[in-house]
1. Please state which one of I209, I235 is under 19 Å from T26 (Cβ atoms), at pLDDT 90 or above and not assigned by TED's automatic domain parsing to the domain that holds T280.
2. Being touching a residue at least 24 places away in the same chain (Cβ under 8 Å) and of a type in the set (K, R) is the filter here, so list the residues in region 367-385 that pass it.
3. Of the conditions (1) in contact with a Ser or Thr (Cβ under 8 Å, 6 or more places away or on another chain); (2) surrounded by fewer than 16 Cβ atoms within 10 Å (Cβ to Cβ), Y339 clears all except one; give me its number.
4. Which fully enclosed strands (runs of 3 or more DSSP E) of region 351-428 have 3 or more residues being touching a strand residue (DSSP E or B) at 6+ places or on another chain (Cβ under 7 Å) and surrounded by 18 or more Cβ atoms within 10 Å (Cβ to Cβ)?
5. Between a residue in region 150-179 that is under 14 Å from M137 (Cα atoms) and any residue that is aromatic (F, W, Y), which pairs come within a Cβ distance under 6 Å, given they are 6 or more apart or on different chains?
6. Which ones in region 51-80 are closer than 25 Å to V221 by Cα, buried (at least 19 other Cβ atoms within 10 Å of the Cβ) and small (G, A, S)?
7. Give V221, V244, V240 a once-over and let me know the one that is buried (at least 22 other Cβ atoms within 10 Å of the Cβ) and either part of a loop (DSSP other than H, G, I, E, B) or on the phi > 0 side of the Ramachandran plot (or both).
Amino acid sequence: MLKKLSWRVLGIISLLCCQLVLSGFTVVAHRGDPLAAPEETFQSFDDGFAAGASYCELDLRESSDGVLVVSHDSNLKRVTGQNMAISKTPFNEIQQAHETNGEPIHSLQQLFEHYANQPETKFILETKKNKQKPIDMEAKLAALINQYHMQDRVIIHSFSADSLQKMSVLLPNVPRLLLANDLTDISMADLQFVTGVSLEDTVVTPDIIKQIHHLNKKIYVWSEMTEPASVIPAITLNNVDGVVTNYPATVADYAQAKKGSHQHVVNKTATVTTTYSAATWTNPYVHQQASNSVTVGEPLQISTIVTKAGYSQAELTDGRWVNAVNLNFGANYQLARPYLGLNVQLKPNQYRPRLWNNPLAPTTSQRLFGGSGKITAVKVVKHKLWFQINQQGWLQSNQVLVNLTNQSAPQRADYFNLPAAKRLTSIDLLQSPALNQATRPTVSNGYFTRILNEFNRHHI
């Protein structure tokens, strides 16, 4: 049955999966840290772990005398300057070639010996195969893993499904990832022998991730050695399980920032409810400001919300992110707009309330309310209005009196179009400190009489 399932069918099924997921991923240093030291040397691996990687990735080939050699290329000329084909050269000769830092080419056994007493160091091992040869690579690999008790410290990945099938028999408890350039390289039969897949980052989409996860498989992403650092923010947005990167320190920063966050697909319309232009970001975890901001009253289509420690970021359709505290979803904007930009003052005989950092999770007090101020943002939280005062902090609307005198015509219409039960009742009906005596009568007499009548009718 599994063999007959198509990726399209799985895509439809995956839409039924829960949309709220805990985000986090494993950082894998590609060939160690090749930008800091020669690739696949002990120095490069040490630098990769020091940068924050949980795993270092390396490649395995077999010498002419059957030794498993740590090398990406089949020939050592690029990294050592010596024109040596690994498969045609005995290991004792291979060791005569040195990388630019003076290290010789290592065998896998030497690597296991070197890191034997460093249990925090872990490795992803790629079996390099050519038409299923060398045929004994998997048996030798399994023997070394068992000999050095590395079962909990390695993951095997390969472009060869045959190699991974062999490893599934030899070491069934060691994770196995099928490397692929895109989904056309993966069959349902192949997936029976692996615990996950590792795809080139340019082909990974949220739908593909959902499909893989629906099959209870892990998904890692990788890039070529030419990977630019600029792709990292986009890669880390996806709900992948691991990132194989040439920039382990940078990706580790994103992984730490993303840890403990939740991602929720919403696909809703929201409106900016601030008096100022709100900044947008290229990534919700590590803030890098985007070129364009969003402006008051601007309707936005929101696809995803990312939340961590009470702070929420909303993703726009163009990939930018904005602080969700600056937005009100759906009809909540109509509840919030009548009060935006108005003045407030402390209620009589009341202690000065605190201004909080975040109405979604008011855990930190910024300062005490100064007694009067301007509403610079409004947020509806669980059917209650919160006001940001002078861009300094937030308080609940029932803690202050709102002066409606300066309402614009659309705001005034919004206010009276609200059901009476939805209208704010903590209103300064008798004073308008923002207006002088010369202008107050022409603006406010009939307006405030109507408000007073409405207030008395419904609240007294």
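The values are calculated or read from the model by the stated rules, or taken from the named source; none is laboratory data. Since this is a predicted model, take the numbers as computed values, not measurements. Here the Cβ positions follow ideal geometry from the backbone for every residue, glycine too, while neighbour counts run over all protein chains shown.
1. Answer to the check: I209.
2. R367, K374, K379
3. Single failed check for Y339: (2).
4. So the answer is 372-381, 384-389, 393-396, 400-403.
5. What qualifies is L164/F193; Q165/F193; S168/F193.
6. Hits for region 51-80 are A51, A53, S54, S71.
7. Checking each option against the conditions leaves just V240.
The rows are residues; the columns are (1) of a type in the set (K, R); (2) within 12 Å of the chain's Cα centre (by Cα); (3) within 20 Å of D185 (Cα to Cα); (4) in a loop (DSSP other than H, G, I, E, B).
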{"position": "N216", "(1), (2), (3), (4)": "no, no, yes, yes"}
{"position": "E227", "(1), (2), (3), (4)": "no, no, no, yes"}
{"position": "V231", "(1), (2), (3), (4)": "no, no, no, no"}
{"position": "Q256", "(1), (2), (3), (4)": "no, yes, no, no"}
{"position": "H264", "(1), (2), (3), (4)": "no, yes, no, no"}
{"position": "T271", "(1), (2), (3), (4)": "no, no, no, no"}
{"position": "Y276", "(1), (2), (3), (4)": "no, no, no, yes"}
{"position": "H287", "(1), (2), (3), (4)": "no, yes, no, yes"}
